[in-house]
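Scroll down for the structure; my scribbles are underneath it.
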Amino acid sequence: MVGVEIQKPTLESAWEALSRIADPEIPVLSLVELNIIREVRIVEMRVTVEMTPTFLGCPALEYMKKEIKDKLLGLGFDEVTVELKLSPPWSTDMLTEEVREKLRVFGIAPPEKRMATLAEALQKPVACPYCRSMETRLDSPFGPTLCKQIFYCEQCKQSFERFKTL
Amino acid sequence: MALEVPSNIPREPLLRFLVALADDELVLGHRDSEWTGHAPILEEDIAFSNIAQDEIGHSLVWYTMNEQLGGKSPDWMGFERNWKHFTSCHFVAHPKGDFAYTVIRQYLFDVGEQVRLNSLCSSSFVPVKEAAEKILQEEGYHIMHSRSLVERLGNATNESHTRMQAAVDLAFPQALGMFEELAGENELVKAGVFSGNELLQQLWVESVVPVLTAASLKLPVDTKNGTMTVHAKADEGGRKGWQKEHLKQLVEDLQTVYKLSPGGSW
């Protein structure tokens with residue numbers, strides 16, 4: 001394509017690309033919506049992304065790092081570095097109402113807000129993401145991925161997942 | 001991303017400390033993973049598989065910090081290192097045995113980890129402090145789970161009580177090995193990296209005794225004028241690298257796939 005100038009990647013295009021990378025386990029949410037991208041810095045054609053893990057043992061972390069690298073290299077950066085930052089720890093309190101609603105529509109009950117103790121937060125009743133009944137019970141405190149628990153709805157007789165409060 | 005050690009913190013004891021933390025997490029994580037597909041009920045199968053994944057994730061944090069301070073890579077530490085160079089306590093390497101033993105071990109370990117991480121939340125070495133805050137957040141789920149199992153199984157039936165008591169008798173002296181003094185520990189305490197194993201053990205004993213007692217489980221601990229005294233010989237040596245056959249078998253198992261194809265990737 002003679003005469004077409006290739007656009008240089010910018011901070012905006014980097015953030016835009018990151019907002020199109022889906023969480024591999026919860027594909028309705030992007031890495032930006034999950035609030036795990038802390039900062040993006042550009043020096044000439046090198047970009048550094050600061051990311052914070054949700055759960056430390058999450059096997060999706062390596063996949064996310066690779067996706068970030070691939071997508072940003074695709075924008076034309078020469079070098080992409082992903083740095084993991086543990087502080088301040090990621091918390092589900094960082095999820096917006098809009099993101100919580102997306103989780104619910106996807107079939108995952110959103111996390112409870114943090115309380116003085118974890119036990120207190122976990123005693124709060126949980127609404128079924130399908131029928132919204134409050135007649136639910138905890139089936140298993142751990143679930144199919146590190147970030148979820150398993151509940152059962154007595155009303156619509158379905159199992160559902162709930163995002164752990166962190 | 002390299003990290004600098006502040007001049008007031010002795011480097012070698014710091015690395016030893018980080019590797020001991022990591023080794024305990026990796027080895028226990030591996031033991032927990034042995035319940036995947038074998039736990040007595042499905043919920044526990046899921047729970048211990050999750051806990052295993054969490055613990056191994058935590059080991060990666062400490063191994064990574066060790067690497068950033070000039071140590072070997074996490075993969076080398078886990079997959080290439082000779083078992084004789086692990087510094088995990090004997091407690092975490094003991095075979096998983098009866099499910100009652102797994103429950104008691106997890107509870108005693110979770111509380112040990114909790115008191116240690118609480119102390120590390122005020123560590124003078126900032127990367128340690130930040131990692132401890134993050135790990136502590138996840139550990140809340142482990143301790144709630146193991147504690148509720150201890151409370152229920154200790155007081156359920158004759159059989160469950162008998163098996164839980166046998167597990168306590170075996171696990172308690174082993175668990176004391178979590179607090180074995182590390183070479184150079186005093187220098188770390190002086191530099192404010194952590195509060196020292198003697199104090200941590202005391203805090204641990206004070207936390208586990210009331211819970212186990214309420215679960216009708218007996219411990220070799222006397223309480224006089226509010227002071228608890230332990231009457232058991234700690235199973236030590238792991239921190240010095242004096243490892244037992246159990247760890248050898250575990251490490252062989254852990255390293256099998258890696259050694260079939262060194263440097264291979266998925």
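Derivation of every value follows stated rules applied to the coordinates shown; laboratory data play no part. Everything numeric in this text was worked out from a predicted model, so none of it was measured. For neighbour counting, all protein chains shown are included, and Cβ atoms are generated from backbone atoms with ideal geometry for every residue, glycine included.
Here are a few things to note about the model shown:
- Compared with the alpha-carbon gap, the fully stretched path from residue B:249 to residue B:224 is longer by 4.8 nm at 0.36 nm per residue.
- Beta bridges per DSSP, both residues in the range A:1-147: antiparallel share near 55 percent.
- Top of A:146, A:31, A:11 by mean-square fluctuation, Gaussian network on chain A, Cα under 10 Å: A:11
- Approximate shape of the range B:11-260 as ellipsoid semi-axes (Cα gyration tensor, √5λ), whole Å, largest first: 27, 23, 16
- Pairs of C-alpha atoms in chain A farther apart than 18 Å represent 63 percent of all such pairs.
- Phi angles across the range B:64-80 convert, under the Karplus curve 6.51 cos²θ - 1.76 cosθ + 1.60 with θ = phi - 60°, into 3J(HN,Hα) values of 5, 5, 4, 5, 5, 9, x, x, 6, 5, x, 4, 4, 4, x, 9, 10 Hz, Gly and Pro given as x.
- Here B:219, B:250 are placed in order of increasing Cβ neighbour count within 10 Å, fewest first, which gives B:219, B:250.
- For the protein assembly as shown, convex hull volume per residue from C-alpha positions, Å³: 172
- Sparsely packed loop sites in the range B:4-70 (the GluC sites (Glu not before Pro) outside DSSP H, G, I, E and B with at most 12 other Cβ atoms within 10 Å) comprise B:4.
- Comparing B:42, B:18, B:176 in a Gaussian network model of chain B, where Cα atoms under 10 Å apart are tied by springs, the biggest mean-square fluctuation is seen for B:42.
- Label zone at residue B:159 (point 7 Å along Cα-to-Cβ), backbone N below 14 Å, the range B:85-125: B:99-100
- Cut-off under 5 Å, modelled amide H: who pairs with residue A:139 long-range: A:150, A:151, A:152
- Cysteines in the protein assembly as shown lacking a second Cys C-beta under 4.7 Å: A:58, A:147, B:89, B:121
- The residues B:77, B:178, when put in order of fewest to most other Cβ atoms within 10 Å, stand as B:77, B:178.
- In this calculation the C-beta distance from residue B:256 to residue A:84 is compared with R0 = 30 Å, giving a FRET efficiency of 0.60.
- Computed FRET value (nearest 0.05) for residue A:41 with residue B:73, which takes r as the C-beta separation and R₀ as 22 Å: 0.30
- Spin-label pair residue B:7/residue A:135, simplified geometry with 7 Å Cα→Cβ offset, distance in nm: 7.1
- DSSP assigns beta bridges within the protein assembly as shown; of those with both partners inside it, close to 70 percent run antiparallel.
- Take each residue of peptide A:118-126, count the partner chain Cβ atoms within 10 Å of its Cβ, and average: the result is 1.
- Structure remark: mean-square fluctuation, Gaussian network model of chain B, C-alpha springs under 10 Å; the largest value among B:95, B:127, B:13 belongs to B:127.
- Of A:102/B:129; A:65/B:96; A:124/B:218; A:113/A:157; B:134/B:248, those spanning more than 28 Å from alpha-carbon to alpha-carbon: A:102/B:129; A:65/B:96; A:124/B:218; B:134/B:248
- Spatial separation of Cα centroids for the range B:109-168 and the range A:51-106, in angstrom: 28
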